[in-house]
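Visitor: Okay, here's the structure, questions in a sec.
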Amino acid sequence: MQIVIASGKGGTGKTTVSSNLGYVLSHRQKITLADCDVEEPNLGIFFPCTPETREVSVTVPRVFESQCQHCGACGEFCKFGALTVLTDRVLFFPQLCHSCGGCFRVCPHDALEKASIMVGGIQICHLSDSLTLVTGKLKEGDVRTTFVIKAVRDYVKEDPIVIMDAPPGTACPFIETVDDASLCVLVTEPTPFGLHDLNVAVRVLEILGIPAVVVINRSDDHDEIIEEYCGVHHLPVLMKIPLDMKLLQIQNAGTLISQADPVWFERFSTLGDQILAHAGGRT
Amino acid sequence: MIQVAVVSGKGGTGKTILTASLAHLLPGEKVLIDADVDAANLALLLSPEDYSEEEFRGMDQAVIDPGLCTECSLCADACNFDAIVQSGDIFEVVPYRCEGCGTCTLVCPEEAVHMQKRLTGMIHYARSHAGPLLYGSLMPGAGNSGLLVHRLRQEARLRHPDASLTLIDGPPGIGCPLISTITGIQVAVLVTEPSKSAQSDLMRLITICRSFKVRMFLIVNRCDVNSDITDEIIQMADKKDISVLGTIPYDLNVLDATRRGIPVTQIEGAASEAIHQIAKNLSGELLRL
């Protein structure tokens, strides 16, 4: 069962919720935490360890100049502009290649061979008998975010309960993350920004047919805009985390609030029960 | 024209609030772009009017003609994005997984697959007191955010050739839309906050900006939430030769102004004061470029 913690807007507290939830639930069952925010992964900050690492690579073309007739077929086919065929050589821009494999098929002279390039890695930490952390990390300067997320998902796909920390936004990286999700927990904040981006995420999840629940972070006395929206869209608000300087400081220092304060351990435990019940309703 | 992007790596550090404030405070003819096309919020602080919009078409999408398809599954096997699935007797393209590469059209023996244009998002134009504003929105589930950012910047150049400053509210992360945002700009204003997460994200962002040869300036938002980390960040910036434009204290007036839909610099308070000074510092730096 995969539960995705997401938000639309960045910085609303996805990692706060996923890290504490994973930590607390692992006291009673086997949990895998998966950091799918591979451009800026932060779950590891809360669970320091020495990870086992694996490279994530993609297949790209390499040109055999001796074989190439410079016919232009590959350059004409590539929709991403990764291959430019000149009269005497072929220019390949690896950063633009999506690894679709089409160029190998169109080359009439067998002049392209498959080469592999590294786009990032995954890091695996067995933190305890019941808690494993799998982090995807995109190589700096690369743009193939979704391939690294896919590698994380492939690694955790057999695990019984996976809590995934999603990337911000709702474009390809988010879609790749929620592909097998039983439930999406949307973390928002009671501001016009929070509401706007929550709405974008809710619309995407509706299209994908994934049920959602909401956690309001930095809650104060002005949560109505979120509560009204959730009421209209039948989204259960499962928890509120108050706007509190002390909580912010614990979190900023890289410490789990559920580890620092037993009251928060209990709250995340209750949240975990509710989330598993909502997610279980679907599987 | 000078192009400046406000970026952060980590989301929620205050990019949009800072961009809106700078839009009002920096001198000269400006054009404003919200490049966070997944979650465009800049318009919420600029009270724009005179809206118009135009369709944005990204990559094409594959479509299978069920009348011609013989269910051989060659297209599904060839697709590296798992975008072709069998449902019942027919093969279908899952639109949000299709990258538009066209490989499936190469392998189909019946010519049952063709590529078709698709509406990926919208480009929005509006006018604000701080200058013309361009922002994008993606259709739910659509990709191509990097391409949309590229288009927004292109349109801004074409429509406002006389602007002396392009100010871009950047996306979070370091992937496709961020790279599209900082390609060819002169200045990146990095907004961070004193947390271990933001600090880690900032380091990755600096590596990228450096490889794109972008001049960097740094701002530490909510600096007093953890002054030890703030000090660490400032020391790191010194070492890397990145000038610090200023620090902004934690101030609930920011929340109040955001809820009222105005930049915090239009009300009083400690954060407002700090951002006014930051704008002066940045303006001086831009003149020296």
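The values are calculated or read from the model by the stated rules, or taken from the named source; none is laboratory data. Model, not experiment: these values are computed from the prediction. Backbone-built Cβ (ideal geometry, glycine too); neighbour counts: all protein chains shown.
Visitor: Taking the condition of being away from every other protein chain (no Cβ under 14 Å), surrounded by 18 or more Cβ atoms within 10 Å (Cβ to Cβ) and hydroxyl-bearing (Ser, Thr, Tyr), how many residues in the range B:126-164 meet it?
Guide: The total comes to 1.
Visitor: While we're on this one: Out of A:Val156, A:Val215, report the one residue that is of a type in the set (A, V, I, L, M), crowded, with 24+ Cβ neighbours inside 10 Å, touching a strand residue (DSSP E or B) at 6+ places or on another chain (Cβ under 6 Å) and at pLDDT 95 or above.
Guide: On the way: A:Val156 fails: crowded, with 24+ Cβ neighbours inside 10 Å.
Matching residue, one of A:Val156, A:Val215: A:Val215.
Visitor: Counting only residues that are closer than 21 Å to B:Gly143 by Cα and within 12 Å of another protein chain (Cβ to nearest Cβ), how many does the range A:153-171 have?
Guide: Initial filter on the range A:153-171 (closer than 21 Å to B:Gly143 by Cα): A:153, A:164-171.
Okay, now just the ones that are also within 12 Å of another protein chain (Cβ to nearest Cβ), so A:153, A:165-171.
Final tally of qualifying residues: 8.
Visitor: In the range A:204-214, which residues are closer than 23 Å to A:Leu33 by Cα, within 12 Å of chain B (Cβ to nearest Cβ) and outside any loop (DSSP other than H, G, I, E, B)?
Guide: A:Leu205, A:Leu208
Visitor: If you don't mind, another one. If you take just the helices (runs of 4 or more DSSP H) that sit entirely in the range A:33-116, which of them hold at least 1 residues that are within 11 Å of another protein chain (Cβ to nearest Cβ) and of a type in the set (D, E, K, R)?
Guide: Those helices (runs of 4 or more DSSP H) span A:73-77, A:102-106.
Visitor: Checking B:Asp82 against (1) within 13 Å of chain A (Cβ to nearest Cβ); (2) at negative phi, which single condition isn't satisfied?
Guide: (2)
Visitor: Any idea which of (1) surrounded by 12 or more Cβ atoms within 10 Å (Cβ to Cβ); (2) over 25 Å from B:Leu119 (Cβ atoms) is the one B:Leu68 doesn't satisfy?
Guide: Among (1) surrounded by 12 or more Cβ atoms within 10 Å (Cβ to Cβ); (2) over 25 Å from B:Leu119 (Cβ atoms), B:Leu68 violates only (2).
Visitor: Now, a different point. Of the conditions (1) more than 11 Å from chain B (Cβ to nearest Cβ); (2) more than 22 Å from the chain's Cα centre (by Cα); (3) not aromatic (Phe, Trp, Tyr), A:Pro190 satisfies every one except a single condition; which number is it?
Guide: For A:Pro190, the failing item is (1).
Visitor: Taking B:Thr181 as meeting all but one of (1) closer than 22 Å to B:Gly146 by Cα; (2) away from chain A (no Cβ under 11 Å); (3) not in a helix (DSSP H, G or I), write down the number of the exception.
Guide: It fails just one condition, (3).
Visitor: Condition (residue is within 17 Å of B:Ile17 (Cα to Cα), modelled with pLDDT of 95 or more, more than 22 Å from the chain's Cα centre (by Cα) and surrounded by fewer than 15 Cβ atoms within 10 Å (Cβ to Cβ)) applied to the range B:280-288: is it met by at least one residue?
Guide: Filtering the range B:280-288 down to residues within 17 Å of B:Ile17 (Cα to Cα) leaves B:280, B:282.
The next check asks that each one be modelled with pLDDT of 95 or more; those that pass are B:280, B:282.
If we keep only those that are more than 22 Å from the chain's Cα centre (by Cα) too, we end up with B:280.
Right, trim to surrounded by fewer than 15 Cβ atoms within 10 Å (Cβ to Cβ) and you get B:280.
Checked the range B:280-288: at least one residue is within 17 Å of B:Ile17 (Cα to Cα), modelled with pLDDT of 95 or more, more than 22 Å from the chain's Cα centre (by Cα) and surrounded by fewer than 15 Cβ atoms within 10 Å (Cβ to Cβ).
Visitor: In the set A:Val38, A:Val24, which member is more than 13 Å from the chain's Cα centre (by Cα), of a type in the set (Val, Ile, Thr) and on the phi < 0 side of the Ramachandran plot?
Guide: Working: A:Val38 fails: more than 13 Å from the chain's Cα centre (by Cα).
Being more than 13 Å from the chain's Cα centre (by Cα), of a type in the set (Val, Ile, Thr) and on the phi < 0 side of the Ramachandran plot holds for just one of A:Val38, A:Val24, which is A:Val24.
Visitor: Test B:Leu68 against the stated conditions and say whether it is more than 14 Å from chain A (Cβ to nearest Cβ) and either in a strand (DSSP E or B) or within 20 Å of the chain's Cα centre (by Cα) (or both). Give the derivation first.
Guide: Numbers: more than 14 Å from chain A (Cβ to nearest Cβ): yes; either in a strand (DSSP E or B) or within 20 Å of the chain's Cα centre (by Cα) (or both): no.
Criteria not met by B:Leu68.
Visitor: While we're looking at this one, here's another question. How many residues are more than 9 Å from chain B (Cβ to nearest Cβ), surrounded by 15 or more Cβ atoms within 10 Å (Cβ to Cβ) and not charged (D, E, K, R) if we restrict to the range A:232-254? Let's see the steps before the verdict.
Guide: Quick first cut of the range A:232-254, residues more than 9 Å from chain B (Cβ to nearest Cβ) only: A:232-242, A:244, A:246-247, A:250.
From what's left, surrounded by 15 or more Cβ atoms within 10 Å (Cβ to Cβ): A:235, A:237-241, A:247, A:250.
Next, only the ones that are not charged (D, E, K, R) stay: A:235, A:237-239, A:241, A:247, A:250.
The qualifying residues number 7.
Visitor: Can I ask one more? Which of the residues spanning the range B:240-253 are within 19 Å of B:Leu26 (Cα to Cα) and surrounded by 16 or more Cβ atoms within 10 Å (Cβ to Cβ)? Walk me through how you get there before you give the answer.
Guide: Of the residues in the range B:240-253, the ones within 19 Å of B:Leu26 (Cα to Cα) are B:243-248.
Correct list: B:Val244, B:Leu245, B:Gly246, B:Thr247, B:Ile248.
Here is a yes/no grid of residues against (1) out of contact with any Asp or Glu (no Cβ under 9 Å at 6 or more places or on another chain); (2) not basic (Lys, Arg):
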position: B:Ile185; (1), (2): yes, yes
position: B:Gln199; (1), (2): no, yes
position: B:Arg210; (1), (2): yes, no
position: B:Asn221; (1), (2): no, yes
position: B:Ser227; (1), (2): yes, yes
position: B:Asp238; (1), (2): yes, yes
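Visitor: State whether one or more residues within the range A:79-89 are modelled with pLDDT of 95 or more, of a type in the set (S, T, N, Q), surrounded by fewer than 16 Cβ atoms within 10 Å (Cβ to Cβ) and touching a helix residue (DSSP H, G or I) at 6+ places or on another chain (Cβ under 7 Å).
Guide: yes
Visitor: When you go through B:Val191, B:Val187 one by one, which is the residue that is within 13 Å of chain A (Cβ to nearest Cβ) and either touching a helix residue (DSSP H, G or I) at 6+ places or on another chain (Cβ under 7 Å) or farther than 29 Å from A:Gly136 by Cα (or both)?
Guide: Details: B:Val187 fails: within 13 Å of chain A (Cβ to nearest Cβ).
Criteria check complete, one pass: B:Val191.
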